[in-house]
Amino acid sequence: MPAAEPVDWRDGLPHSPRFGEGYRSRSGALAQAATVFLGGCGLPQAWQGRTAYAVLETGFGLGINFLATWARWEADPQRCSLLRYRALEAYPVAADELLRSARQALAEAGEAAHAWSRLPELAQALAQHWATLRAGLQTWMLADGQLELTLAVGEVVPMLGELEPSADAVYLDGFSPSVNPQMWSPQALAAVARHGRAGTRLATYTTQRGVRDGLEALGFDVRRCPGLPPKKHRLEAALQPHAAWGSPAIAQAAPEPGA
Ligand SMILES: C[S@@+](CC[C@H](N)C(=O)[O-])C[C@H]1O[C@@H](n2cnc3c(N)ncnc32)[C@H](O)[C@@H]1O
């Protein structure tokens, strides 16, 4: 495992000394996961009735979006039979930070906490695998083999090229473009788009102009939606049919996956 990334806890909120920014919204990690990421990708409805469904996340961080997705999927009687979750992360934190983050997220959820009561248990199950974490790719089977988590530990663009390209939903969750431009570069967005196919949904909290324009140039249909306070807006996008995997705009900007 690479040296664990330090997390600075300030008033109960996790902060990154490397990037000088908090890991999540001040409105609550679970509210953000549910509204911005799951909601932004049309989940849980989008996986209902499907045999398999694949989520791709840039920026695994403290794993809150993953745990929230797991909790929602597990609670859904119409869930897909196999949930494949792929995420990349250059600077993994220690297992203890994942656990602390999950406890804290639940504590700050207020009246919504009952909907997330399984979170600490799911975090424990994730943390049990954490000791085996290495640079590069690893896949862990969770939830009796019905949830496949692939973690790609390394830099965003090369790691996106290593992952098998297939995503029904994409969560873009780097730190802000101003402090973390690598996660939002044209190359990173194109490498993400290579994982998509016609109709792939994408969600993010930022509405920064460069991100919107970059996604549109790759063939995403992008909409600004009401955001989670204090943010006014968030983005929802869907990959248009003509822009699916292999289109010239995407091919020019990103290396072949696995190349
Ligand atoms: C806002 S946090 C993600 C929070 C996370 N989604 C969660 O649910 O806890 C952004 C993450 O992107 C990671 N990151 C930043 N730059 C990166 C890069 N160039 N390549 C890969 N990961 C990066 C950071 O280490 C951080 O964990």
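The values are calculated or read from the model by the stated rules, or taken from the named source; none is laboratory data. Keep in mind it's a predicted model, so treat the numbers as computed, not measured. Glycine gets a Cβ as well: all are built from the backbone with ideal geometry, and neighbour counts include every protein chain shown.
Quick rundown of the values:
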{"read-out": "Top-ranked residue of region 41-59 - restricted to ones that are buried (at least 24 other Cβ atoms within 10 Å of the Cβ) and part of a helix (DSSP H, G or I), ranked as farthest from the ligand (Cβ to nearest atom)", "value": "Trp47"}
{"read-out": "Filter result (crowded, with 22+ Cβ neighbours inside 10 Å and without any contact (Cβ under 8 Å) to a residue 40 or more places away in the chain) within region 156-188", "value": "Trp184"}
{"read-out": "Residue pairs meeting the criteria (Cβ under 7 Å; at least 6 apart or on separate chains; first aromatic (Phe, Trp, Tyr), in region 225-239; second modelled with pLDDT of 90 or more)", "value": "none"}
{"read-out": "Entirely in region 188-259, the strands (runs of 3 or more DSSP E) that have 3 or more residues that are at pLDDT 95 or above and under 16 Å from the mean Cα position of the chain (by Cα)", "value": "201-204, 233-239"}
{"read-out": "Selection status of Leu38, at pLDDT 95 or above, assigned to a helix (DSSP H, G or I) and of a type in the set (A, V, I, L, M, F, W, C)", "value": "yes"}
{"read-out": "Cross-chain or 6+ apart pairs with Cβ under 6 Å, region 17-29 first and near the ligand (Cβ under 9 Å from one of its atoms), then of a type in the set (Phe, Trp, Tyr)", "value": "Phe19/Phe175; Glu21/Phe175"}
{"read-out": "Residue within region 188-197 that is near the ligand (Cβ under 9 Å from one of its atoms), touching a helix residue (DSSP H, G or I) at 6+ places or on another chain (Cβ under 8 Å) and of a type outside the set (Ser, Thr, Tyr) present", "value": "yes"}
{"read-out": "Complete set of residues in region 116-155 that are in a helix (DSSP H, G or I) and surrounded by fewer than 13 Cβ atoms within 10 Å (Cβ to Cβ)", "value": "Glu121, Gln128"}
{"read-out": "Every residue from region 60-77 that is away from the ligand (no atom under 13 Å from the Cβ) and not in a loop (DSSP other than H, G, I, E, B)", "value": "Arg72, Trp73, Glu74"}
{"read-out": "Scope region 20-31; condition out of contact with any helix residue (DSSP H, G or I) (no Cβ under 8 Å at 6 or more places or on another chain) and either buried (at least 16 other Cβ atoms within 10 Å of the Cβ) or within 23 Å of Thr69 (Cα to Cα) (or both); matching residues", "value": "Gly22, Arg26, Ser27"}
{"read-out": "Complete set of residues in region 78-99 that are farther than 25 Å from Gln146 by Cβ and either outside any helix (DSSP H, G or I) or away from the ligand (no atom under 12 Å from the Cβ) (or both)", "value": "Ala90, Tyr91, Val93, Ala94, Asp96"}
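Conditions tested, residue by residue: (1) under 13 Å from the mean Cα position of the chain (by Cα); (2) of a type outside the set (Ser, Thr, Tyr); (3) on the phi > 0 side of the Ramachandran plot.
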position	(1), (2), (3)
Gly20	no, yes, yes
Ser25	no, no, no
Val36	yes, yes, no
Gly39	yes, yes, no
Gln45	no, yes, no
Gly49	no, yes, yes
Gly63	yes, yes, yes
